[in-house]
Amino acid sequence: MRQHWLFVEADNDRIRVRVEPLHHEHYMRRAIEVAQRNPDAPFGAVLVDRETGEILAEGVNDACSNPILHGETAAILACVESQPGADWSRLALYTTAEPCPMCSSAILWSGIPHLIFGTSADTLRELGRPHIRIRAEEVAQRSTLGDLVITGGVLEKECDALYTGISHHHND
C-alpha cells in the first residue's frame with residue numbers, strides 16, 4: 001500500500017506524520033444520510049476509526065431540544081457513550097458542513113486529529129444560514145491542544161444541496 005505523508009511546520013521544524021488513505025466519499029455519503037434525519041437542520045456527522053474503517057458513532061443536529069447538540073457534538077457524545085475507552089487519536093470526524101467554533105473546539109478538546117467536511121462556512125453564510133464568522137482552520141490554528149488536519153469540500157455539491165431552500169433557524 002502506498003503511504004501518504006503530511007508535513008506540518010512547527011517552530012521551523014518539519015514533523016512527518018503518516019496519514020492512512022481514507023475513503024472520504026464513502027464516509028461523507030454516510031454523514032449525508034445521517035443529516036437527512038433532520039430536514040430542517042441537516043447537519044450530520046460520523047466518527048470513523050482510521051485504522052479499522054469502522055464507523056464508531058453518528059450524530060445529527062438536534063439543537064431544537066438542546067442548543068449544543070450540533071451534528072459534531074452529538075457524534076462525539078454518542079461515541080463517549082457507546083465506545084468507552086476509545087482511542088480518540090485514531091479517529092476522523094466527517095461532517096456535512098464546516099463546524100462552527102463550538103464544534104471545532106469540541107473536536108480539538110476530544111483529541112480527534114482529522115476533520116473532513118463538505119459545505120464550507122462561507123457557503124452556509126451565502127445561503128443565509130446563521131453562523132459565527134470564525135472558520136474551523138482559525139480555531140485549530142489558535143489551539144494549543146494538538147494538530148488538526150482539515151480537509152474541506154468533500155462531496156461539496158451534495159452537501160451544499162442539503163442547505164439550499166430550507167428554512168433558517170437560530171439553533172442550527
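Using a simple spin-label model with pseudo-atoms 7 Å out from Cα toward Cβ, Glu137 and Ser82 lie 3.2 nm apart. 3J(HN,Hα) along segment 152-159, derived from phi through the Karplus expression 6.51 cos²θ - 1.76 cosθ + 1.60 where θ = phi - 60°, amounts to x, x, 6, 6, 4, 5, 5, 5 Hz, with x in place of Gly and Pro. For Ala57, nonlocal amide neighbours, meaning residues 5 or more places apart or on other chains whose placed amide H falls under 5 Å from its own, are Leu47.
Amide H contacts of His114: Leu93, Val149, each under 5 Å away and 5 or more positions distant or on a separate chain (H built 1.01 Å from N in the peptide plane; Pro and chain starts excluded).
For segment 37-105, the list of trypsin sites (Lys or Arg not before Pro) that fall in a loop by DSSP and count at most 15 other C-beta atoms within 10 angstrom reads Arg37.
The calculated FRET efficiency for Arg50 paired with Glu126, based on their beta-carbon distance and R0 = 25 Å, is about 0.20. Measuring with a 1.4 Å probe in the full set of protein chains, what accessible area per residue, in whole Å², belongs to segment 97-172? I get 50 Å² per residue for segment 97-172. Listed values for segment 127-140 are Karplus-derived 3J(HN,Hα) couplings in whole Hz (6.51 cos²θ - 1.76 cosθ + 1.60, θ = phi - 60°), namely 7, x, 6, x, 7, 8, 7, 10, 6, 4, 4, 5, 4, 5, and x replaces Gly and Pro. Per-residue extension of 0.36 nm, minus the Cα-Cα distance of Thr144 and Ile68, leaves a gain of 25.1 nm for this segment.
A 1.4 Å probe, protein heavy atoms only, puts the accessible area of Glu33 near 100 Å². Karplus-derived 3J(HN,Hα) values for segment 73-89, using 6.51 cos²θ - 1.76 cosθ + 1.60 with θ = phi - 60°, are 5, 5, 5, 4, 5, 5, 5, 4, 6, 8, 10, x, x, 4, 8, 4, 5 Hz; glycine and proline are entered as x.
The values are calculated or read from the model by the stated rules, or taken from the named source; none is laboratory data. Here the structure is a predicted model, which means the values were calculated and not measured. We place every Cβ from the backbone using ideal geometry, glycine too, and count neighbours over all the protein chains shown. For accessibility, only protein heavy atoms count, side chains too; no ligands or nucleic acids. Shrake-Rupley method; radii C 1.70, N 1.55, O 1.52, S 1.80 Å.
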